[in-house]
1. Which of the following residues is under 27 Å from the mean Cα position of the chain (by Cα) and either touching a residue at least 24 places away in the same chain (Cβ under 8 Å) or open to solvent by 60 Å² or more (accessible area, probe 1.4 Å) (or both): Thr57, Thr118?
2. Consider Lys109 carefully, then state whether it is over 20 Å from Pro25 (Cα atoms), touching a residue at least 40 places away in the same chain (Cβ under 8 Å) and under 37 Å from the mean Cα position of the chain (by Cα).
3. So Leu76 fits all but one of (1) assigned to a loop (DSSP other than H, G, I, E, B); (2) open to solvent by less than 50 Å² (accessible area, probe 1.4 Å); (3) touching a Lys or Arg at 6+ places or on another chain (Cβ under 9 Å); (4) of a type outside the set (Lys, Arg); what number is the exception?
4. Can you tell me which residue within the range 123-140, out of those that are under 23 Å from Thr23 (Cβ atoms) and modelled with pLDDT of 90 or more, is farthest from the chain's Cα centre (by Cα)?
5. Quick test of your reading of the structure: Met101 fulfils all but one of (1) touching a helix residue (DSSP H, G or I) at 6+ places or on another chain (Cβ under 8 Å); (2) touching a residue at least 40 places away in the same chain (Cβ under 8 Å); (3) buried (at least 19 other Cβ atoms within 10 Å of the Cβ). Name the failing condition by number.
6. Is it true that Glu65 is charged (D, E, K, R), open to solvent by 20 Å² or more (accessible area, probe 1.4 Å) and under 30 Å from Ala155 (Cβ atoms)?
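The values are calculated or read from the model by the stated rules, or taken from the named source; none is laboratory data. Model, not experiment: these values are computed from the prediction. Cβ atoms come from the backbone with ideal geometry, glycine included; neighbour counts cover every protein chain shown. What goes into the accessible areas is simple: the full protein's heavy atoms, side chains included, and nothing from ligands, DNA or RNA. Shrake-Rupley method; radii C 1.70, N 1.55, O 1.52, S 1.80 Å.
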Amino acid sequence: MSKLSEESNQLPTEPITAIGVVTSPSKAPNGYYVVAQTTDGADADLWKDGLFKSKVTRYLCFSKETKPEVVVDIKLIDSKDPLPDFFTAMPETIDTKEAAMRKRRLCVKMMPREAAETAVYDIQITTKSKYQVVNYTCKGEINSMGIWCKMGDVARKLNQRAPAPLPSEAQINPPRRIMSSPLYEQLGGGIYTMTALDDVPFTVSEKFRGKIKEMQQVNLMGITIKSLAEIEEEFHYNFGTERSVAL
């Protein structure tokens, strides 16, 4: 498995995100694992002929690099069979763009990680007549070999939001707003300053109405406070002299 079958236990515990076929294990893209051997150590060449040794070789490879989509299923079908629903065929090699297989087609089903419940986590190739792989599912056969997949649940990374803070007492019962500075209003072409005393009526209390004449003189620190009638009587001036001169 991988570049050597014994490396299978070292694979990252992440789902497979890409699958392809290469002409040689040494030509796999960076980050790809190559299924170069079967589970019993034989050559895992997907192209080889059982009777003659061919110069053409093909090897299955896959990547676990983190991507938005994951591989949720794979199938090996006859080249003349219709493509299964939601599957994509892999007809060419990654490195040379040549035919990937003879008489067979590798088909892959992809799905967004957030929508997938299960995905393919590992791939093993076995010699058909000798081995079965525990906890793996056979997805098809080619050249007397079986391709097996290990499925697993997809761990989704949920965006957990911090709970919204509870409203404070001040937010529930906001204090009354007290205006400590004057307000400004635009009046015509100028600015009028409003103070806290604007629009407050100033009137004499009803209890003092009709009692002005009854108020007695008050001596406060030597100052005599007189009523209006007393002031008019004491300082009355009839302007007689001025009138006689005018006449």
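1. Matching residue, one of Thr57, Thr118: Thr118.
2. For Lys109, the condition - over 20 Å from Pro25 (Cα atoms), touching a residue at least 40 places away in the same chain (Cβ under 8 Å) and under 37 Å from the mean Cα position of the chain (by Cα) - is not met.
3. (1)
4. That would be Thr126.
5. The single condition Met101 does not satisfy is (1).
6. Numbers: charged (D, E, K, R): yes; open to solvent by 20 Å² or more (accessible area, probe 1.4 Å): yes; under 30 Å from Ala155 (Cβ atoms): yes.
For Glu65, the condition - charged (D, E, K, R), open to solvent by 20 Å² or more (accessible area, probe 1.4 Å) and under 30 Å from Ala155 (Cβ atoms) - is met.
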